[in-house]
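The values are calculated or read from the model by the stated rules, or taken from the named source; none is laboratory data. If you're wondering where the values come from, they're calculated on a predicted model, not measured in any experiment. Glycine also receives a Cβ, built like all others from the backbone with ideal geometry; neighbour counts cover every protein chain displayed.
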Amino acid sequence: MATKRQIFYSFHFDKDVFRVQQIRNMGVLEGNEPVSVNAWETVKKAGDNAIKKWIDDNMKYKSCVVVLLGVDTHKRPWIKYEIKKAWEDKKGLVGIYIHNLKDPKTGKCSKGTNPFDQFTFEDGSKLSSVVSCYNPDSSDTYNDIANNLDKWIEKAIKDRG
């Protein structure tokens, strides 16, 4: 198996934190420590500059940003900021749909929109044309992610290399 990478997970906290926790618990990768609800609320209450600083500080030494895609991920302004920053900082960047992981409260959700479609290069092409977005097997989503996450991340890092 490849070296464990330092990863920044980008996701919609309110809607997807339980799904994201399943991925973190796989132990395939090292990532930013999960932020507690209380800590995140404190950062949010401090305002936009505090959120930006928190993102910048937590993304600083990561080799890849993994955008975990739920139904509303593409709508979140801070996820858009994280995607833009990851691209500008030449970090690996990859998307993984997590709508088929079960949330204990809400079950599965609908597949979200690819957030990389919202970024356009000067030549008119979309970021989604160069950033992979994986949709794990709906019949065994957890194991598909667990078995492939490290490969998807290594590919994203290599693609930016």
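Check the stretch 57-71 and report whether any residue there is at pLDDT 95 or above and either touching a Pro at 6+ places or on another chain (Cβ under 8 Å) or surrounded by fewer than 17 Cβ atoms within 10 Å (Cβ to Cβ) (or both).
For the stretch 57-71, residues at pLDDT 95 or above and either touching a Pro at 6+ places or on another chain (Cβ under 8 Å) or surrounded by fewer than 17 Cβ atoms within 10 Å (Cβ to Cβ) (or both): present.
Do you know which residues across the stretch 125-161 are crowded, with 16+ Cβ neighbours inside 10 Å, over 17 Å from residue 65 (Cβ atoms) and among the basic types (Lys, Arg)?
Once the filter is applied, which keeps residues that are crowded, with 16+ Cβ neighbours inside 10 Å, over 17 Å from residue 65 (Cβ atoms) and among the basic types (Lys, Arg), the stretch 125-161 yields nothing.
When you go through (1) out of contact with any Ser or Thr (no Cβ under 7 Å at 6 or more places or on another chain); (2) not in a loop (DSSP other than H, G, I, E, B) one by one for residue 124, which number turns out not to apply?
The failed condition is (2).
Can you tell me which condition residue 89 does not meet? The list is (1) under 17 Å from residue 9 (Cβ atoms); (2) buried (at least 18 other Cβ atoms within 10 Å of the Cβ); (3) not β-branched (Val, Ile, Thr), and all the others hold.
If we test residue 89 against (1) under 17 Å from residue 9 (Cβ atoms); (2) buried (at least 18 other Cβ atoms within 10 Å of the Cβ); (3) not β-branched (Val, Ile, Thr), just (2) comes out false.
Quick check on my filter: what residues within the stretch 136-158 are closer than 16 Å to residue 7 by Cα and under 17 Å from the mean Cα position of the chain (by Cα)? Even if it seems obvious, please write down each step before you answer.
Within the stretch 136-158, the first condition is being closer than 16 Å to residue 7 by Cα, and the residues that meet it are 145-146, 148-158.
Correct list: 145, 146, 148, 149, 150, 151, 152, 153, 154, 155, 156, 157.
Looking only at residues that are among the acidic types (Asp, Glu) and in contact with a helix residue (DSSP H, G or I) (Cβ under 9 Å, 6 or more places away or on another chain) in the stretch 90-125, which one is modelled with the highest pLDDT? It would help to see each step written out before you state the result.
Step one: of the stretch 90-125, the residues among the acidic types (Asp, Glu) are 103, 117, 122-123.
Retained after the next criterion (residues that are in contact with a helix residue (DSSP H, G or I) (Cβ under 9 Å, 6 or more places away or on another chain)): 103, 117.
Details: 103: 82, 117: 97.
Among them, the one singled out is 117.
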